[in-house]
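Undergrad: Provided herewith is a single structure, encoded as structure tokens, for subsequent inquiry.
The values are calculated or read from the model by the stated rules, or taken from the named source; none is laboratory data. Only a predicted model underlies this, so the values are computations on that prediction, with no experimental measurement involved. Note that we place each Cβ from the backbone using ideal geometry, even for glycine, and neighbour counts take in every protein chain shown. We work out accessible area using only protein heavy atoms, side chains counted, and drop any ligands, DNA or RNA first. Shrake-Rupley method; radii C 1.70, N 1.55, O 1.52, S 1.80 Å.
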Amino acid sequence: MNNSFFNNKRGGEKYLSVYWFLVLVLVAGGVIGMVTVYYGSPYDIREIEGTVLINKIADCVSYEGRIDKSFISNGIFYPANEQDFLKACHLNLSSTEWTEQQYYFQVDFYKLSDLTKSVLNISSGNKNYISFCALQKQGITRTLPTCVEKSFYSLDDLGNEYIIKILTAVRKSEKNVKI
Amino acid sequence: MSRKAQIGPTATWVVATLIIIIVLFIFLAISAVMSKSKAIKTAEVKTDLGENSEQLSMKTNLAEQLTENKNKAAVDKILGEQNG
């Protein structure tokens, strides 16, 4: 009976139809799989977020080439209180979405004559992220917080020159990377 | 049709199916690799988030103008090293 089925032309066509249907399902499944895999993973925008935070902090620290007098005035450094700095810069690092703070920033002022020692330091946020920045430099990233570091040049009211280095770290791994 | 004569067409269909499966797996692997590098860099995108923000290079430029570009070369060298 089996032999007659294979020998029968109509029986062979039946098998061929099933085969084509299976190939169709296979290809459709593959395409669905590819789309799901690609669009299922989120876009990582933490570098942009870190840069935006740097720009906001930089605008608060220095404007039109001069350092704000609340930080350095007449050669005297005024170490800003963390909360006062956040308030003055209109920054809020907390979020109701996360139980743990997802940001960290650090601002260091260096005299142009001595770039080894920071004369003024302001930092806020989750300090645990600092150690991850070193790992990022080694190329181990993805699920770790993304760090961005930028420097710029500015003057105080007496014309003394400073290099201001701003470091930001943004975690938010769950929303930016498929873990 | 003899059994021997059936082997040829069957082998062709099996090989064709295997090729389809292999090609699909290659594409799946490519999309998995591409999905891992879905990071948008600041240089690649234009946002309006920092529209009112004075760019860092602009800040440096303004400060250099104030000092009449006295240490421009040294400052640019330091910032070039630090900002990459």
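Undergrad: Of A:Asp59, A:Asp68, which has the most accessible area with a 1.4 Å probe, and how do the rest follow in descending order? It would help to have the intermediate numbers written out before the result.
TA: Values: A:Asp59 35, A:Asp68 70 Å².
My answer, sorted largest first, is A:Asp68, A:Asp59.
Undergrad: Order A:Thr168, B:Thr17, most accessible first, counting only protein heavy atoms with a 1.4 angstrom probe.
TA: Listed by decreasing accessible area, they come as B:Thr17, A:Thr168.
Undergrad: R0 = 45 Å: FRET efficiency of A:Glu174 with B:Val15, Cβ-based, nearest 0.05? Don't skip to the end; give the middle numbers.
TA: Working: r = 44 Å, r/R0 = 0.98.
Efficiency, from the Cβ-Cβ distance: 0.55.
Undergrad: Let me ask another. Quick one: if you stick a label point 7 Å off each Cα along the C-beta vector at A:Leu16 and B:Val45, how many nm between them?
TA: My value for the distance between the label points is 5.1 nm.
Undergrad: Another question about this same structure. Rounded, prolate or oblate, given the Cα gyration tensor of chain B, with a/c below 1.5 counting as rounded?
TA: Numbers: a/c = 9.21, a/b = 4.54, b/c = 2.03.
Cα axes put chain B in the prolate bin.
Undergrad: For chain B, give the percent of accessible area contributed by carbon and sulfur heavy atoms, probe 1.4 Å, rounded to a whole number. Before the final figure, lay out each step's value.
TA: Values: 3990 of 6180 Å².
So the carbon and sulfur contribution to the accessible surface is 65 percent.
Undergrad: Could you tell me the accessible area of A:Tyr15 in Å² (1.4 Å probe, neighbours in place), rounded to the nearest ten?
TA: Its heavy atoms expose roughly 120 Å² to the probe.
Undergrad: Let me know the mean shielding of B:60-73 by other chains, meaning the per-residue number of their Cβ atoms within 10 Å of its Cβ.
TA: Details: counts 8, 3, 9, 13, 4, 2, 7, 6, 0, 0, 2, 3, 1, 0.
So the per-residue partner count for this stretch is 4.
Undergrad: Enter the accessible area of B:Met34 (Å², nearest 10), with the probe set to 1.4 Å and all protein chains included.
TA: Taking all protein chains as shown, B:Met34 has close to 100 Å².
Undergrad: So for A:Glu47, B:Glu64, A:Glu149, B:Glu44, what's the accessible-area order with a 1.4 Å probe, most first? Present the calculation step by step, with values, prior to reporting the outcome.
TA: Values: A:Glu47 45, B:Glu64 5, A:Glu149 70, B:Glu44 130 Å².
From most accessible down to least: B:Glu44, A:Glu149, A:Glu47, B:Glu64.
Undergrad: Then there is this: For every other residue with a beta carbon closer than 15 angstrom to the beta carbon of A:Pro42, add +1 if it is Lys or Arg and -1 if Asp or Glu, then tell me the sum.
TA: +3
Undergrad: Determine the per residue accessible area of segment A:31-153 with all protein chains present and a 1.4 angstrom probe, expressed in square angstrom. Kindly include the intermediate steps, with their values, before the conclusion.
TA: Values: 6660 Å² over 123 residues.
Heavy-atom accessible area per residue stands at 54 Å².
Undergrad: Rounded if a/c is under 1.5, else prolate if a/b beats b/c, else oblate: with a ≥ b ≥ c from the C-alpha gyration tensor eigenvalues square-rooted, which is the protein assembly as shown? Before the final figure, lay out the partial values.
TA: Details: a/c = 4.53, a/b = 3.46, b/c = 1.31.
Because a/c hits 1.5 or more and a/b exceeds b/c, the protein assembly as shown counts as prolate.
Undergrad: Could you compute how much accessible surface A:Lys56 exposes when probed at 1.4 Å, giving the result in Å² to the nearest 10?
TA: Per-residue accessible area (A:Lys56): approximately 100 Å².
Undergrad: If you don't mind, there's one more thing I want to ask. What's the buried accessible area, both sides, between A and B using a 1.4 Å probe, rounded to 100 Å²? Before the final figure, lay out each step's value.
TA: Working: alone 12120 and 8160 Å², together 16410 Å².
What A and B bury together is about 3900 Å².
Undergrad: Summarise the accessible area of chain A (1.4 Å probe, protein heavy atoms) by the percent that is carbon and sulfur.
TA: Details: 5780 of 10230 Å².
After summing per-atom areas, the C and S share lands at 56 percent.
Undergrad: Summing -39500 (n - 2.57) over the DSSP H runs of n ≥ 4 in the protein assembly as shown and dividing by its residue number, what mean residue ellipticity at 222 nm do you reach, to the nearest 500 deg cm²/dmol? Before the final figure, lay out each step's value.
TA: Details: 9 runs with 130 residues, N = 263.
Helix contribution divided over all residues of the protein assembly as shown: -16000 deg cm²/dmol.
Undergrad: Within 10 Å of each Cβ in A:48-55, how many Cβ atoms from other chains are there, averaged over the peptide? Can you show the working numbers first?
TA: Numbers: counts 10, 2, 1, 8, 5, 0, 4, 9.
Mean shielding count: 5.
Undergrad: Ordered by residue, what ³J(HN,Hα) values in Hz, to whole numbers, does segment A:30-46 give under the Karplus form 6.51 cos²θ - 1.76 cosθ + 1.60, where θ = phi - 60° and Gly and Pro are x?
TA: These are the phi-based 3J(HN,Hα) values: x, 5, 4, x, 4, 4, 4, 4, 6, 7, x, 9, x, 7, 8, 10, 5 Hz.
Undergrad: Which of the pairs A:Lys56/B:Lys38; A:Lys117/A:Lys137; A:Lys56/A:Lys175; A:Lys175/B:Lys77; A:Lys87/A:Lys178; A:Lys69/A:Lys137 have their Cα atoms more than 29 Å apart in this structure?
TA: Exceeds cut-off: A:Lys175/B:Lys77; A:Lys87/A:Lys178; A:Lys69/A:Lys137.
Undergrad: All other residues with a Cβ under 9 Å from the Cβ of A:Leu155 taken together, and with Lys, Arg as +1 and Asp, Glu as -1, what is their net charge?
TA: Numbers: positive: A:Arg66; negative: A:Asp156, A:Asp157, A:Glu161.
The answer is -2.
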